[in-house]
Amino acid sequence: MATDFVHLHVHTEYSTLDSMARVKMIVARALELGMKSVAMTDHGNLFGAVPFYQNMTRAGLKPILGCEVFLAPHTIAEKKDFPNRKRSTHLTLLAATNDGYYNLTKLVTTSHLDGVYMDEPRVDLDVLRQYSDGIICLSGDGDGPIHEWLDKNNFEEAEKVAQSLLDIYGPEHFYIELQNHGEEMQEFYNQELVKIARKLNIKLVATNDVHFIAREDHDAHDVLICIGEKCLKLDDNRKHYPPEVYFKTGDEMAQMFPEYPEALSNSLEIAEKCNVTMVLDPTSSEKYPQFESPDGTPREEYFSKVCNDGMARLYGDKERDRLCEIYDKDREEVDKILLDRLKFEIDTINSLGFASYFLITADFINWAREQGIPVGPGRGSAAGSLVSYTMSITNICPMRFGLLFERFLNPERVSPPDVDIDFCQTRRPEVIDYVRKKYGERCVSHIITYGTLGAKSVIRDVARTLGIGFMDASKLADMIETKPGVKLRDEYEAKEELSEMIEASSTFKELWEYAIKLEGLSRNTGVHAAGVVIGDGPLDEHVPLARAKEGEVVTQADMGAITEIGLLKMDFLGLKNLTVIQDAVNHIKVHTPDFDIERVDLDNKPALDLLNRGETMGVFQLESGGMVETCQKYGIQTIDDIIDLLALYRPGAMDFIPQMIEVKNGKPVEYDHPLEEQISGDTYGVMIYQEQVQNAARVLAGYSLGGADILRRAMGKKKPSEMAIQREIFVKGAKETNDIEAPLANKIFDPIAGF
């Protein structure tokens, strides 16, 4: 029987399916039981649709995307209670087609933005009717709309509800839902539901709520509910789930419904009808809003014009002479370097369809500057783009600092551009409001985040639920490392004192067992601090929306899912330091009205002397005791020295600071190969920048800059298997390009692998 039933419910209250840990457990269980398909029907949401779809299809299973919606007793416009009526009842909706998933997205968005009453996102029959195409409706669990009338022995009204749903969805897309979780009322419900189904000629289907994977997970799930409800496990008057709401086998389901075999086989019929195909392409710009050029010229032509105009404005005689010194080339050669670089970037961006992205970004950044809103000079890989500089998206010359475009946008491994933009913290909302007004209220949204039960927090949460005192819980929690990626099992195995403390106490043992099971699951949602998504039309044509507790409209897909869907994601970061700097500028202008911070000499000697004296209090990233001492020893002479120190002052790289100081003071550098001097000569023989790694791969091993960026990304992932592949490519390329033998090539690669 194992493959003769399809799970048509996977609920995860307090633990959304967007949690990768939960999704992977569901997929593993489905594979273990020989299931061909599973339906995801979260409560009122489509939170985990994208990761569920991805993981199911990768495993060769068919995902059925759905939602258990809350149905209002009358209309969603009526935000009030009605005598003798439930505030809402439950219906199960499954997307049968792509149109059905589109309608489900619209329906869920409507429930959250227009239908919320007492924290429940509700729909009504009119909303169901409007978005019914391509959707299969199941009549609901014990809190369904038919059940509400059965509870009152009002069989006539129960039948009317069934008829209304049958009229909306038709006989091929509406099923009477039977459940058996061992609860007393379900036998009565099933008997009456079957009578209605026989009378109205409606098909039956057996379903099973799934709130946890295995029966033995019931107690852990009970603790999870207590965490969500903020109550003690010993509380009698709290929410409980029966132990039967686990992922059952086909045989177990058959035993629960021996008199209704057609209800089991109909689950397969429903699965055959559900054939949603998500088009996920993070490299596509198809769903980006299309920027309309103000002069009516074609977008790509206008984009090129803006870039070339910016080039002419920014690179006058003084700037080009400076580049002549840096590159040790004459003016004609420098001009060619600039023009070739700009043309390459423009051609790459146009060929990938990202011109609108840059025009949109430049538009709201320049609007912010015109309003006097402080904007950061640019951060991250976007600073390596000459296009970004000429469009005033960034304020840093990539040619001056040897920054690479391929680190930002790699034509050999396409990923969407991602510009992190800093705005004055207090005025950041003005920029978002401008974007909303320009592209449409429903076309712009914040992005949801999912808070998870981390290693330390899950210990404290479970302890609180079990009634364990704060001090006792802290004994355990304080022994867990405070850093990303820490896992409880690893800590237990690595720390003898921790494992002994747990094994010596039955209380701690119980706490630990629950914490191990719940670690990594989602516990709450929030609003991403910076992420904003902009669509080519109403966002709910691509992704369901909700309203956060703060009142902001958010996507129900998180940052990763938004990228997979192919929507335009921007990071609008609020930076307090920009506000502080602007306040300082305003103060200076009282005494020096023509002061312009953009024209301050980056190598201003009095400012550098302050750092050399250790007077760095209030200077971001330079005010710690260790950094003060380093500044005093280093002898800062240029802005490049500050940049080098900031790059070095991190674990691992800090070990090279004494060496750099020695070389800076005259000690000769010993290079493993002469070509290394042109890669790290400017940083005294030490590779401290990712751009240097890319150049090392290009110069020493013949990588293209695009290929070198793939090496850089592999390096960042810290996966030994990927770095082993890159080492092999590097060693082979070093021999072919510069006749460097394998032992020396491996020696050169070692610091890259450990970068």
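Below, the figures for the structure above:
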| item | result |
| --- | --- |
| LYS456 within 27 Å of the chain's Cα centre (by Cα), open to solvent by 40 Å² or more (accessible area, probe 1.4 Å) and modelled with pLDDT of 90 or more | yes |
| Selection from region 143-155 of residues that are open to solvent by less than 20 Å² (accessible area, probe 1.4 Å) and not hydrophobic (A, V, I, L, M, F, W, C) | GLY144, PRO145, HIS147, GLU148 |
| Evaluation of GLU493 against (1) open to solvent by 70 Å² or more (accessible area, probe 1.4 Å); (2) in contact (Cβ under 8 Å) with a residue 60 or more places away in the chain (one fails), failing number | (2) |
| Flag if LYS664 is over 28 Å from ASP609 (Cα atoms) and either out of contact with any Asp or Glu (no Cβ under 8 Å at 6 or more places or on another chain) or not hydrophobic (A, V, I, L, M, F, W, C) (or both) | no |
| Filtered residues of region 436-451 (kept if over 21 Å from the mean Cα position of the chain (by Cα) and hydrophobic (A, V, I, L, M, F, W, C)) | none |
| Of the criteria (1) part of a helix (DSSP H, G or I); (2) open to solvent by less than 10 Å² (accessible area, probe 1.4 Å), which one LEU409 fails | (1) |
| Qualifying residue in region 584-602 (condition: in contact (Cβ under 8 Å) with a residue 24 or more places away in the chain and not acidic (Asp, Glu)) | yes |
| Qualifying residues in region 470-480 (those that are over 14 Å from GLU519 (Cα atoms) and in contact (Cβ under 8 Å) with a residue 24 or more places away in the chain) - the one most open to solvent (accessible area, probe 1.4 Å) | LYS475 |
| Residue match in region 63-72 (condition: over 15 Å from THR41 (Cα atoms) and aromatic (Phe, Trp, Tyr)) | no |
| Count of region 239-259 residues which are closer than 27 Å to GLY451 by Cβ, touching a helix residue (DSSP H, G or I) at 6+ places or on another chain (Cβ under 6 Å) and open to solvent by 30 Å² or more (accessible area, probe 1.4 Å) | 1 |
| Checklist (1) loosely packed, with under 12 Cβ neighbours inside 10 Å; (2) farther than 21 Å from GLU229 by Cβ applied to GLY467, failing item | (2) |
| Considering residues of region 258-296 that are modelled with pLDDT of 90 or more and among the β-branched types (Val, Ile, Thr) only, the residue farthest from GLU187 (Cα to Cα) | THR277 |
| Number of positions in region 419-453 that are more than 26 Å from THR109 (Cα to Cα) and open to solvent by 40 Å² or more (accessible area, probe 1.4 Å) | 4 |
| Test: residue in region 89-102 that is open to solvent by less than 50 Å² (accessible area, probe 1.4 Å), within 17 Å of MET40 (Cβ to Cβ), over 29 Å from the mean Cα position of the chain (by Cα) and hydrophobic (A, V, I, L, M, F, W, C) | yes |
| Per-region count, region 717-755, residues more than 21 Å from GLY706 (Cα to Cα) and β-branched (Val, Ile, Thr) | 1 |
| Within region 156-171, considering residues that are in contact (Cβ under 8 Å) with a residue 24 or more places away in the chain and either out of contact with any helix residue (DSSP H, G or I) (no Cβ under 7 Å at 6 or more places or on another chain) or under 21 Å from SER265 (Cα atoms) (or both), the one least open to solvent (accessible area, probe 1.4 Å) | LEU165 |
| Positions within region 183-226 being assigned to a loop (DSSP other than H, G, I, E, B) and either free of Cβ contacts under 8 Å to residues at least 24 places away in the same chain or farther than 30 Å from GLY467 by Cα (or both), in sequence order | ASN201, ILE202, THR207, ASN208 |
| Top-ranked residue of region 683-732 - restricted to ones that are among the β-branched types (Val, Ile, Thr), part of a helix (DSSP H, G or I) and closer than 24 Å to GLY402 by Cβ, ranked as most open to solvent (accessible area, probe 1.4 Å) | ILE729 |
| Conditions (1) open to solvent by less than 30 Å² (accessible area, probe 1.4 Å); (2) in contact with a Ser or Thr (Cβ under 7 Å, 6 or more places away or on another chain); (3) modelled with pLDDT of 90 or more: number failed by PHE364 | (2) |
| Qualifying positions in region 525-573 - open to solvent by 40 Å² or more (accessible area, probe 1.4 Å), in contact with a Phe, Trp or Tyr (Cβ under 8 Å, 6 or more places away or on another chain) and closer than 15 Å to THR109 by Cβ | GLU541 |
| Count of region 267-300 residues which are open to solvent by less than 20 Å² (accessible area, probe 1.4 Å) and of a type outside the set (Ser, Thr, Tyr) | 5 |
| Matching option when the condition is open to solvent by less than 20 Å² (accessible area, probe 1.4 Å) and at pLDDT 95 or above, among GLY140, GLY134 | GLY134 |
| Helices (runs of 4 or more DSSP H) contained entirely in region 597-660, each with at least 2 residues that are farther than 27 Å from VAL585 by Cα, open to solvent by 30 Å² or more (accessible area, probe 1.4 Å) and not polar (S, T, N, Q) | 625-634 |
| Whichever residue in region 379-394 is among the small types (Gly, Ala, Ser) and in contact (Cβ under 8 Å) with a residue 40 or more places away in the chain and, among such residues, is most open to solvent (accessible area, probe 1.4 Å) | GLY380 |
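The values are calculated or read from the model by the stated rules, or taken from the named source; none is laboratory data. Remember, it's a predicted structure, so these values are computed and weren't measured experimentally. All Cβ positions, glycine included, derive from the backbone under ideal geometry; neighbour counts span all protein chains shown. Areas reflect the complete protein model, heavy atoms only, side chains present, ligands, DNA and RNA absent. Shrake-Rupley method; radii C 1.70, N 1.55, O 1.52, S 1.80 Å.
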